[in-house]
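Below is one structure, written out as structure tokens, with a few remarks after it.
The values are calculated or read from the model by the stated rules, or taken from the named source; none is laboratory data. Small disclaimer: the values here were computed from a predicted structure and weren't measured. Cβ atoms come from the backbone with ideal geometry, glycine included; neighbour counts cover every protein chain shown. Surface accessibility is based on the protein's heavy atoms, side chains included, excluding ligands, DNA and RNA. Shrake-Rupley method; radii C 1.70, N 1.55, O 1.52, S 1.80 Å.
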Amino acid sequence: MIAAADPKAARIVADFPILGTTTSRGKRLVYLDSAASSQKPRAVIDKLVDYYENYNANIHRGVYEIAARATDAFEEARAKVARFLNAADTAEIIWTRNTTEAINLVSFSWGLYNLAPGDAILTTQLEHHSNLVPWQLLAEKTGAELRYIPSDAQGNLVLDGLDDLLEGVKLVALAHVSNTIGSIAPLEVIIPRAHAAGAIVLLDAAQSVPHMPVDVQALDVDFLAASGHKMCGPTGIGFLYGKRALLEAMPPFLTGGDMIKRVSYETTSFNELPWKFEAGTSNIADAIALGAAVDYLEEIGRDWIRAHEIRLTAYALEALRPLEPRGLQVYGPPRAEDRAGVISFNFADIHAHDLASILDTEGVCVRAGHHCTMPLMEKMGWPATARASFYLYNTEEDVDALVAALEKAATVFGIA
Ligand code: 7TS
């Protein structure tokens, strides 16, 4: 049974100006690519404009009024992210450009100083390149071994051999939600076992923080990385959460202005957390606007967003089923409750890129390709997939448009 559409969803659509636009073919924009980047509500766009029009100034240095206002807004946004994640301390939030930079920060500032031959890094077969390439390079540089928790054919991690895999591991780095398959990692099993084995845990939360409640203290993660642009915020801003004791012990990643306490010609002492990790002029406008995105998501409620996405995913899985006898293959866990709002699929022998192009003619935006998970695609034997991904502003009508566009693709490609 499919629950009736929630009227709140329709009200949310009105908050996103772009969702009221049409494509050059006159089709309503049906945006199903939020796993790549989310759309932005009016409140976030207005916050950016307000900063540039009314208090644009550099932070942490000016004594004049607008500089003080910019500094306060920038630091208040950090506090909002800290509260959003339930971090114990605002200084545990480091601004970065995105998830990728946050992960690289840990690799360079923690990894290079804490790993040696004989140690191991444990990740999974499901990872985005951003949570895989940094560890490959780190393993090369330090002589540590890189291991993978295997995935089954539905994108669920296979934990049978976990204790053996954890032998000698200093760092476990894994995604909360797979961006390609939408499966959700069993963190309640993996994190305590990683800690018991003496490892710290980095969570790539790029696909979870925007969509469901994530509490860093309840999960007991040591590091967490996420991107503003996937959570209704601007591009170019993301963050790293790290436990204070770990961050205190790490040397800076980048060096220069703002991250120093005192500099002489001979030596430098570093600023306190979090600024020790924020060299140079920060992305002030986008951090402040990300604060507005956090306010927006809190107002809607992450429990509501998660429930809405489960509802939509269940609706979509059911709406796609009639196409399966005609060659539609949907990947991932069968139950909507066991996955995020990410649905990867292939249709008969149509290449995923061709499929995405046909959907585009109907105004339906999906991503096609390897989704920056090339090793996973190869393991699964998928040359590419098309991927529809949902967010708080998607509706059953969007799913219906996807199904109608797939029907059109079947006609174009002569699928009976
Ligand atoms: N980790 C995961 C799980 C991701 O899904 C992504 C981006 C990243 C890291 C990197 O995020 P960035 O903001 O640093 O680029 N995922 C996708 C995607 O699925 N389609 O486009 C980007």
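Each Lys and Arg adds +1 at its Cβ and each Asp and Glu adds -1 at its Cβ; summed about the Cα centre, the range 1-66 shows a dipole of about 320 debye. Between residue 145 and residue 13, residue separation times 0.36 nm minus the direct Cα-Cα distance comes to 42.8 nm. Seen against the Cα atoms of the chain and their longest principal axis, helix 42-54 is set at about 40 degrees.
At most 14 other Cβ atoms within 10 Å plus a DSSP loop assignment makes a site exposed; report the longest stretch of the chain without any exposed trypsin sites (Lys or Arg not before Pro). It works out to 62-334. Taking amide hydrogens as placed 1.01 Å from N in the peptide plane, the amide H of residue 35 sits under 5 Å from those of 389, each at least 5 positions away in sequence or on another chain. The fraction of accessible area contributed by carbon and sulfur in the chain is 53 percent, rounded to a whole number (1.4 Å probe; ligands and nucleic acids excluded). Computed from the C-beta positions of residue 63 and residue 348, the FRET efficiency with R₀ = 45 Å rounds to 0.10.
3J(HN,Hα) along the range 346-361, derived from phi through the Karplus expression 6.51 cos²θ - 1.76 cosθ + 1.60 where θ = phi - 60°, amounts to 10, 10, 6, 9, 6, 5, 4, 5, 5, 4, 4, 5, 5, 4, 4, 5 Hz, with x in place of Gly and Pro.
Please list, in order, the residues from the range 90-118 whose amide nitrogen is less than 16 Å from a point placed 7 Å along the Cα→Cβ vector of residue 37. Residues 97-101 qualify, since their backbone N sits under 16 Å from the label point. For the range 285-334, a simple Cβ point-charge model (Lys and Arg +1, Asp and Glu -1, everything else neutral) yields a dipole of about 380 debye relative to the Cα centre. Find which of 63, 392, 373 sits farthest along the positive direction of the dipole of the chain, computed with +1 on the beta-carbon of Lys and Arg, -1 on that of Asp and Glu, about the Cα centre. After comparing all options, I get 63. Just how large is the dipole of the chain about the Cα centre, in debye to the nearest 20, putting +1 at every Lys and Arg Cβ and -1 at every Asp and Glu Cβ? I would put it at about 540 debye.
Projecting the Cα positions of 169, 252, 213 onto the charge dipole of the range 45-299 (unit charges on Cβ atoms of Lys, Arg, Asp and Glu, taken about the Cα centre) puts 252 furthest along the positive direction.
Taken one residue at a time, the phi angles of the range 374-381 give Karplus couplings (6.51, -1.76, 1.60, θ = phi - 60°) of 4, x, 5, 4, 5, 4, 7, x Hz. Gly and Pro are set to x. Between 157, 199, 74, the Cα set farthest toward the positive side of the dipole of the range 45-299 (charges on each charged residue's Cβ, about the Cα centre) is that of 74.
Could you please state, rounded to a whole Å, how far the C-alpha centre of the range 67-116 is from the C-alpha centre of the range 139-193? So the two Cα centres are separated by 24 Å. If you plug the beta carbon distance of residue 400 and residue 299 into 1/(1 + (r/R0)^6) with R0 = 41 Å, you get a FRET efficiency near 0.90.
In plain terms, the chain from residue 28 to residue 158 could stretch by 42.7 nm, reckoned as 0.36 nm per residue minus the Cα-Cα distance. Applying a DSSP loop filter and a limit of 12 other Cβ atoms within 10 Å to the GluC sites (Glu not before Pro) in the range 263-309 leaves 266, 272. Working note: Karplus 6.51/-1.76/1.60 with θ = phi - 60° gives the range 408-416 the couplings 5, 4, 4, 5, 4, 8, x, 8, 6 Hz, where Gly and Pro are set to x. Among the chymotrypsin sites (Phe, Trp or Tyr not before Pro) found in the range 176-279, those both in a DSSP coil and sparsely packed, with 12 or fewer other Cβ atoms within 10 Å of their Cβ, are 265.
For the chain, the per residue solvent-accessible surface stands at 41 Å², with DNA, RNA and ligands left out and a 1.4 Å probe.
Using 0.36 nm per residue and subtracting the Cα-Cα separation, the extra length available between residue 195 and residue 361 on full extension is 54.8 nm.
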